[in-house]
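One structure, pasted below without further comment.
The values are calculated or read from the model by the stated rules, or taken from the named source; none is laboratory data. Please read these numbers as outputs of a predicted model, since none were measured by experiment. Virtual Cβ from ideal backbone geometry, glycine too; neighbours counted across all protein chains shown. Heavy atoms of the whole protein, side chains included, go into the accessibility calculation; ligands, DNA and RNA do not. Shrake-Rupley method; radii C 1.70, N 1.55, O 1.52, S 1.80 Å.
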Amino acid sequence: MFDWWTHFRQTQPTAHALLVLAIVGAGGLALGSVRLRGLSLGVAGTLFVGLVLGHFGWGLDSEVRAFVQEFGLILFVYTIGMQVGPGLMDSLRRQGTDLNTGAALVVALGAAVAVGLGLWWGFHAGAVAGIFAGATTNTPALGAAQEALRAVHQPDPAALALPAMAYAVTYPFGIVGIILAMLVLRSWHRIDLEEERRRFEEDQRAGQESLTYLNVELRNPNLDGLTVRQLPGIEKLGVVISRLRKAGQREVQIARADTVLNVGDVMVVVGRPKAVQQFRMIVGRPSEEDLTRVEGPITYARVVVTNRECVGKSLRQLALNHRFGVTVTRLTRADVEVPVTADLRLQYGDMLRLVGTREDLARAAQLLGNAVEELNHTRLVPIFVGIALGILAGSLSLRLGSMPAPVRLGLAGGPLLVAIVLSRVGRLGPLVWYMPVNANLLLRELGIVLFLACVGLRAGEHFEESLRGMEGWSWMAAGAVVTSLPLLAVGTWLRRVRRMNYLSICGLLAGSMTDPPALAFAQSFCRSEAPAVAYSTVYPLTMILRIVLAQLIVLLWPG
């Protein structure tokens, strides 16, 4: 059997690699589905199966493994960026300071603990930098430390090998330790995940009241003879007049921007509850008549934006009211109602509520697309273009001061940030950056399974060798402290002092370690997008801090 396996690996390396990855993926997901006291490893089970099989010689060729690992990582972070991009700015406005402060504390405390333990146990600067990088699962920090070490110990090959050796020993617990920290924090603070999800959804809806409507009769004589466009406060308050019945008439009509209003006219005003009431105080008084229930040619329709020519254009540019005689009263984006203003730019998949006659609504729907089946179509060209742009962005280097090695976002940061930007832009030329939910989930799961399988196989190959001798065990012990102490300390402070939602804390902890596997576990464990939002919020600052601190440890190490 062993001879057959060796022959198979040598004669059919491609088939061998695919078979190993399939076995590790299937076995890891099966292990991750096993629940013990209500908990499961989830996708992280792939890492442990990879460790075991890698230890028993089921490794891959280094070049094949490196390609599959990085490709899987790119798929994972790119789809995360596409998912969280549209709502990321709102998260930054609401809690960006708290999230980034917490992440910076995790990074700084981890560096302080690594340096303190290194001085206490007499470690070499290269080993300390490797422990700092491995315990926090940050490969770019390892590369930066190695560059700095070459500048200090260029002729010493033994010193140059220390960071990678310490990194290999501490990396496995770095991944597992973050997951354990999340579970420990949940146990310490008696977290109810259902309650946390409910709180997060309430916080997301805070300041995003559902739209309402009110029938208002014009009684202000100062407004008699003005057009709808000229009404004071209509744009500032973000309200829309959808229907109108002129005084003395029975027919309900559409309110155009140039429609002249007179005292006694009744109109339907749509907007946020507070804005609608403020507008009513300016215009007149509530009417007992409900124009939305009056039978006639005026009706409404929900229309989905699927015409790429409309993506990125504002409602003012489309001029639906003038061209088709319909009024946009509501817009729903990612299950959130957005106030309708003339300068609001449409995104692919937006759902508009239009008011008008059936004929006018049909013509407006034809312009906007309204092809619901298109929402389930996965466009591969934008995905590949986005990944290519992400790789280029990740390869760009930035030199900070006298640092011997440049700072790069790498293949984890570049695709993530590019996906966030593209998901908010929506369209560039003929390319529309929209990904159906099912396609996003598939690519994300495939990417993280491939990544974890390769990480486990690589770590399993040399794990036993790295632990031979007391120094290897000392590195592992130090790495465990560097991993766990900052996470538990900052996580407890965020929960007890800052009262942060546990779901966001999980994403913050994963982001502070720039650790995609921990993020994957947090999302499957919490069953919410909250960890991904927090992860993306803190990732850029965390990556830069870890790269800079890894180099400072080497450059400023005494002796």
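What ranking of Lys236, Lys274, Lys313, Lys246 comes out by heavy-atom accessible area, probe 1.4 Å, highest first?
Working: Lys236 190, Lys274 140, Lys313 80, Lys246 30 Å².
So, going from the largest accessible area down, we get Lys236, Lys274, Lys313, Lys246.
For segment 295-339, report the translational diffusion coefficient in µm²/s to the nearest whole number, using Stokes-Einstein at 10 °C, 1.306 mPa s, and a Kirkwood Rh over Cα pairs. Let's see the in-between values first.
Details: Rh = 12.3 Å.
Here the translational diffusion coefficient equals 129 µm²/s.
Can you give the FRET efficiency to the nearest 0.05 for Ala362 and Arg333, using r as the Cβ-Cβ distance and R₀ = 22 Å? Don't jump to the answer; show the numbers that get you there.
Values: r = 23 Å, r/R0 = 1.06.
Result of the calculation: an efficiency of 0.40.
Which percent of Cα pairs goes in each bin when the distances of the chain are cut into 20 angstrom slices starting at zero?
Final binned percentages: 19, 43, 25, 11, 1.
What residues qualify as long-range amide H neighbours of Ser287, i.e. H under 5 Å apart, gap of 5 or more or another chain, H built at 1.01 Å from N?
Correct list: Asn215, Val216, Glu217.
At 7 Å along the Cα-to-beta-carbon direction for both Ala108 and Val260, put a label point, then send me their distance in nm to one decimal.
So the label points at Ala108 and Val260 sit 6.7 nm apart.
Using the alpha carbons of segment 1-70, what is the convex hull volume per residue in cubic angstrom, as a whole number? Spell out each step's value before the answer.
On the way: hull volume 6.1 nm³, N = 70.
For segment 1-70, the hull spanned by Cα atoms encloses 87 Å³ per residue.
In square angstrom, rounded to the nearest 10, how much accessible surface does Thr101 have for a 1.4 Å probe?
Counting only protein heavy atoms, Thr101 exposes about 60 Å² to solvent.
Okay, next question. Just the number, please: carbon plus sulfur as a percent of the accessible area of the chain, 1.4 Å probe, no ligands or DNA/RNA counted. Present the calculation step by step, with values, prior to reporting the outcome.
Working: 14910 of 25560 Å².
Carbon plus sulfur share of accessible area: 58 percent.
Ok, one more. Please calculate the 1.4 Å probe accessible area of Arg280, with all protein chains present, and give it to the nearest 10 Å².
60
Apply the membrane-span-like helix rule to the chain: whole DSSP H runs, Cα extent along the own long axis of at least 30 Å, mean Kyte-Doolittle hydropathy at least -1.0. List the helices found.
Details: long enough: 62-121 (44 Å, 0.80); 157-188 (46 Å, 1.54); 437-466 (43 Å, 0.73); 470-496 (39 Å, 0.66); 530-555 (38 Å, 1.63).
The qualifying helices are 62-121, 157-188, 437-466, 470-496, 530-555.
Keeping every protein chain in place, order Phe48, Phe67, Phe525, Phe132 by accessible area at 1.4 Å, biggest value first, i.e. largest first. Let's see the in-between values first.
On the way: Phe48 60, Phe67 140, Phe525 25, Phe132 0 Å².
Per-residue accessible area, sorted high to low, gives Phe67, Phe48, Phe525, Phe132.
Still on this structure, please answer the following. Once the whole set of protein chains is in place, how much accessible area is left on Val421, using a 1.4 Å probe, in Å² to the nearest 10?
90
Using the crude model of +1 on Lys and Arg Cβ and -1 on Asp and Glu Cβ, and no other charge, please compute the dipole size for the chain relative to its Cα centre, in debye to 20. If you can, show how the numbers build up before the last one.
Working: 51 positive and 42 negative charges, 272 e Å.
Approximately 1300 debye in magnitude.
How would Arg272, Arg199 rank on accessible area, largest to smallest, probe 1.4 Å? Intermediate results must be reported in sequence, preceding the final value.
Numbers: Arg272 35, Arg199 65 Å².
Ranking Arg272, Arg199 by accessible area, largest first, yields Arg199, Arg272.
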